[in-house]
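Participant: I'd like to ask some things about the structure below.
The values are calculated or read from the model by the stated rules, or taken from the named source; none is laboratory data. Owing to the predicted nature of the structure, the values given are computational and were not obtained by experimental measurement. In this analysis, Cβ positions are derived from the backbone assuming ideal geometry, glycine residues included, and neighbour counts consider all displayed protein chains. Heads up: the accessible areas ignore ligands, DNA and RNA and are worked out on the full protein's heavy atoms, side chains in. Shrake-Rupley method; radii C 1.70, N 1.55, O 1.52, S 1.80 Å.
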Amino acid sequence: MKINYRKSIFLIGIVSASSLFYQFKPINSEPVKENSSTNYALKDLDFCGERVPVEIIDVKERLDREMVVNINLHSATTLIIKRANRYFSDIEPILKKNGIPDDFKYLCVIESSLTNATSAAGAKGFWQFMPETAKEYNLEVSSTVDERYDVIKATEAACSYLKKAYTKFGNWTLVAAAYNRGMAGIERQQTAQGVTDYYDLYLNEETSRYVFRILALKEIMKNSDKYGFVFSKDELYKPVKTKTVPVSTNIDDLQKWALDQGINYKLLKLYNPWLIDTSLLVYTGKTYNIQIPTEGFKIK
């Protein structure tokens, strides 16, 4: 029998390569499991003291969807938890002062991930105000100032909206839904469908998911260790100490002004993102409080 040496060498090469693959395959080669645990029992979940009816099949499954999504959005959820340690200390007292339930800080979380985000529609800031709505709730939006980026003032404005919505609906869950859909939008659907409870309404997908996203982030953030998000205190972002400099006259060059304050323009923008130009135009009778960091930086 004639031997085909080329074919034999080719086959030997394949066998050898396969042997090497199995020889060096790790012993513990099971796939790494993500934080996808669904071993949570959310029987007594509430929003602002209003019970979530998880015995309703679609309610349970809609909540489950948001739990699974956010447990497995590792980088996003990690950053949210770290930022919350810095910004909740600003948001919580304002909510309390205005009589708004503490759970609404999680609405802020799902709106912006606690960043000064900009949506495709043009909503900006932690609370995602559109320009006209911002002006309606006394936030300045001008050529040099955009107070939607001021977390303190934007939280105050959000409280005004939430109180107005609660006067209309008398239900905090509907108030949260209205923050997304608008008060008129929720009211139209209630009238058309003949039901008043959020969990009974058929809504567009975004609003249908909206409250459940809040509930999921509330559960995960309050019990972060349980869902695999474990951090030391040093890993969380700390509030930064600042001093307040009142300004009631124009500043022609904020970059130079920052240097005169002992910081630089980057730091000025970082702690005052509402300053949206390199100058500041101050109208008569107006005073702005500019925050100057007193720690956490080094100027050469």
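Participant: Within the chain, what whole-number % of the accessible surface is contributed by carbon and sulfur, with the 1.4 Å probe and all protein chains included in the calculation?
Facilitator: Solvent-exposed carbon and sulfur of the chain make up 53 percent of the total.
Participant: In addition: Tilt of helix 57-72 relative to the longest C-alpha principal axis of the chain, in degrees (0 to 90, nearest 10)?
Facilitator: Tilt of helix 57-72: around 80 degrees.
Participant: If you count only protein heavy atoms with a 1.4 Å probe, what accessible area per residue comes out for the chain, rounded to a whole Å²?
Facilitator: 58
Participant: Taking a cut-off of 16 Å between Cα atoms, list the aspartates and glutamates near Lys222, but don't count ones fewer than 8 places away on the same chain.
Facilitator: Of all the aspartates and glutamates, those that pass the test against Lys222 - Cα under 16 Å, at least 8 places apart if same chain - are Asp44, Asp46, Glu66, Glu92, Asp102, Asp103.
Participant: May I pose another question? For the modelled label position 7 Å from the Cα of Leu45 along Cα-to-Cβ, which residues of the range 66-80 have backbone nitrogen atoms closer than 17 Å?
Facilitator: Flagged as within label range: 66-73, 77.
Participant: Asn289 label point, 7 Å along Cα→Cβ, cut-off 14 Å on backbone N: hits in the range 126-151?
Facilitator: Label zone hits: 150-151.
Participant: Taking a 1.4 Å probe, which of Asp200, Asp64, Asp44, Asp146 shows the most accessible area, and what order do the others take after it?
Facilitator: Output order, biggest surface exposure first: Asp44, Asp200, Asp64, Asp146.
Participant: Another question, if that's okay. Quick one: check the C-alpha center-to-center distance for the range 139-159 versus the range 208-269, whole angstrom.
Facilitator: Comparing the Cα centres of the range 139-159 and the range 208-269, I get a distance of 15 Å.
Participant: Could you list, bin by bin from short to long, the percent of Cα-Cα pairs of the chain in 10 Å steps?
Facilitator: Pairs per bin, as whole percents: 5, 21, 26, 19, 11, 7, 5, 3, 1, 0, 0.
Participant: Can I ask one more? What number does the range 114-161 give for Rg over Rh if you use C-alpha atoms and the Kirkwood radius?
Facilitator: The Rg/Rh ratio comes out at 0.91.
Participant: Also, quick follow-up: Suppose accessible area is computed on protein heavy atoms with a 1.4 Å probe; arrange Asp234, Asp253, Asp103 from highest to lowest.
Facilitator: Descending order: Asp234, Asp253, Asp103.
Participant: Kindly provide the chymotrypsin sites (Phe, Trp or Tyr not before Pro) of the range 135-232 that DSSP labels as loop, not H, G, I, E or B, and whose Cβ sees at most 10 other Cβ atoms within 10 Å.
Facilitator: Hits after loop and neighbour filter: Tyr202.
Participant: Next question, about the same structure. Do the sum for the chain: with -39,500 (n - 2.57) for every DSSP H run of n ≥ 4, divided by all residues, what is the mean residue ellipticity at 222 nm, to the nearest 500 deg cm²/dmol?
Facilitator: -15500 deg cm²/dmol
Participant: Can you give me the angle between helix 74-97 and the longest principal axis of the chain, using Cα atoms only, in degrees from 0 to 90, rounded to the nearest 10?
Facilitator: It is inclined by approximately 20 degrees.
Participant: State which entries of Lys96/Lys164; Lys60/Lys124; Lys124/Lys266; Lys82/Lys105; Lys164/Lys238; Lys153/Lys233 exceed 25 angstrom in Cα-Cα distance in the structure shown.
Facilitator: Check vs 25 Å cut-off fails for Lys60/Lys124; Lys164/Lys238; Lys153/Lys233.
Participant: With an 8 Å cut-off on Cα pairs and a minimum separation of 6 or more residues, tell me the relative contact order of the chain in percent.
Facilitator: Here the relative contact order equals 18 percent.
Participant: Under a 10 Å cutoff between Cα atoms, tell me which one of Lys226, Lys124, Lys266 has the largest fluctuation in the Gaussian network model of the chain.
Facilitator: Highest fluctuation among the options: Lys266.
Participant: May I pose another question? Points 7 angstrom from Cα along the Cβ direction at Lys233 and Glu55: gap in nanometres?
Facilitator: 4.4
Participant: Just by accessible area at a 1.4 angstrom probe, what is the order of Ser112, Ser119 from largest to smallest?
Facilitator: Most to least solvent-accessible, the answer reads Ser119, Ser112.
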